1. So which residues in segment 64-83 are surrounded by 22 or more Cβ atoms within 10 Å (Cβ to Cβ) and under 16 Å from residue 15 (Cα atoms)?
2. Kindly indicate which of 180, 143 is surrounded by 14 or more Cβ atoms within 10 Å (Cβ to Cβ) and basic (Lys, Arg).
3. Which of the residues belonging to segment 32-52 are surrounded by fewer than 24 Cβ atoms within 10 Å (Cβ to Cβ) and near ligand 1 (Cβ under 8 Å from one of its atoms)?
4. What pairs come out if I take residues in segment 1-19 that are closer than 29 Å to residue 89 by Cα and pair them with residues that are among the basic types (Lys, Arg) and at pLDDT 95 or above whose C-beta lies under 8 Å away, six or more apart or interchain?
5. Return the pairs, sorted by first residue and then second, in which the second residue is within 10 Å of ligand 1 (Cβ to nearest atom) and assigned to a helix (DSSP H, G or I), the first residue lies in segment 78-95 and is touching a residue at least 12 places away in the same chain (Cβ under 8 Å) and within 16 Å of residue 29 (Cα to Cα), the beta carbons are less than 9 Å apart, and the residues are 6+ apart or on different chains.
6. With the condition kept exactly as written, say whether any residue in segment 2-22 is in a loop (DSSP other than H, G, I, E, B), among the polar types (S, T, N, Q) and within 16 Å of ligand 1 (Cβ to nearest atom).
7. Considering only residues that are over 16 Å from the mean Cα position of the chain (by Cα) and in contact (Cβ under 8 Å) with a residue 60 or more places away in the chain, which ones fall in segment 160-188?
8. Restricting attention to segment 11-29, and to residues there that are at pLDDT 95 or above and within 16 Å of ligand 2 (Cβ to nearest atom), which single residue is nearest to residue 68 (Cα to Cα)?
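The values are calculated or read from the model by the stated rules, or taken from the named source; none is laboratory data. Just so it is clear, the structure is predicted and the values come from calculations on it, not from any experiment. With ideal geometry, Cβ positions are generated from the backbone for all residues, glycine too; neighbour counts draw on all protein chains shown.
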Amino acid sequence: PVYSRAEFLTSAASLKGLPPETGREVAFAGRSNSGKSSAINTLCQQRALARTSKTPGRTQLINFFALDEDHRLVDLPGYGYAKVPEAVRRRWGHLMEQYLAGRECLRGLILVMDIRHPLTEHDWQMVGWAHRRHLPLHVLLTKADKLKRGPALDTVRQVASALGAEDVDATVQPFSSLKKQGVDDAHSVLDHWLFA
Ligand code: GTP
Ligand code: MG
């Protein structure tokens with residue numbers, strides 16, 4: 001029930017714009033167009049809490065959503081979008097790295113990947129940053145509705161074993177905002193990180 005009460009809190013374009021470090025938060029990272037904002041909306045049972053778009057690269061700010069006074073979900077800017085100028089891309093990378101390394105109230109990272117294109121170079125970079133900080137990592141393989149059940153589960157296993165092979169401790173699940181698939185599993189992870 002807490003998730004459905006989520007409200008937009010603030011957007012930050014730089015580290016100075018981050019809200020105070022009270023309580024706990026969980027961040028959603030992933031390639032542009034992977035379905036981060038859609039996943040946040042689905043998990044919060046709201047249609048338009050986070051802005052979604054068919055045009056990649058729309059969420060250029062760090063957007064914060066408050067579940068209550070002490071708990072937040074964070075929509076990080078998407079990466080890997082080819083048409084973004086190099087200077088902008090570098091600034092994003094810097095902002096992400098600083099946020100992930102320094103944000104004490106951050107309790108876990110949800111890495112959102114399109115189930116048809118998992119583990120890009122930038123995804124591995126996020127994995128590396130999370131791993132270095134001993135930040136718990138949970139992978140949502142989104143748009144699972146685009147694959148049949150068998151191939152979807154194969155991808156879940158492949159991603160889990162690729163991460164395991166690099167000594168990364170992560171959980172992996174299929175997810176679909178379109179079909180509302182995987183919502184309970186994702187909620188249990190969030191519950192654990194935010195409220196346990
Ligand atoms: P940026 O903000 O640009 O980084 O993208 P994002 O990761 O927030 O992606 P967003 O949630 O805006 O979704 C991108 C596109 O994918 C939209 O057209 C969504 O409708 C679509 N999409 C998101 N999740 C799903 C899903 O589970 N299934 C299907 N079929 N489409 C989805
Ligand atoms: Mg978005």
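1. Pass one, segment 64-83, residues surrounded by 22 or more Cβ atoms within 10 Å (Cβ to Cβ): 65, 67, 71-79.
The answer is 74, 75, 76, 77.
2. Details: 180 fails: surrounded by 14 or more Cβ atoms within 10 Å (Cβ to Cβ).
So the residue among 180, 143 that is surrounded by 14 or more Cβ atoms within 10 Å (Cβ to Cβ) and basic (Lys, Arg) is 143.
3. First, the residues of segment 32-52 that are surrounded by fewer than 24 Cβ atoms within 10 Å (Cβ to Cβ): 32-33, 38, 41, 44-52.
The answer is 32, 33, 38, 41, 50, 51, 52.
4. Here the result reads 9/72; 18/103; 19/72, each pair linking segment 1-19 to a residue that is among the basic types (Lys, Arg) and at pLDDT 95 or above.
5. 78/36; 78/37
6. Our first condition is that a residue be in a loop (DSSP other than H, G, I, E, B); within segment 2-22, this holds for 2, 6, 13-14, 18-22.
Then keep just the ones that are among the polar types (S, T, N, Q); that gives 14, 22.
Narrowing further to those that are within 16 Å of ligand 1 (Cβ to nearest atom): none.
No, there is no match, as no residue in segment 2-22 is in a loop (DSSP other than H, G, I, E, B), among the polar types (S, T, N, Q) and within 16 Å of ligand 1 (Cβ to nearest atom).
7. Answer for segment 160-188, where residues must be over 16 Å from the mean Cα position of the chain (by Cα) and in contact (Cβ under 8 Å) with a residue 60 or more places away in the chain: just 180.
8. The extreme case among them is 26.
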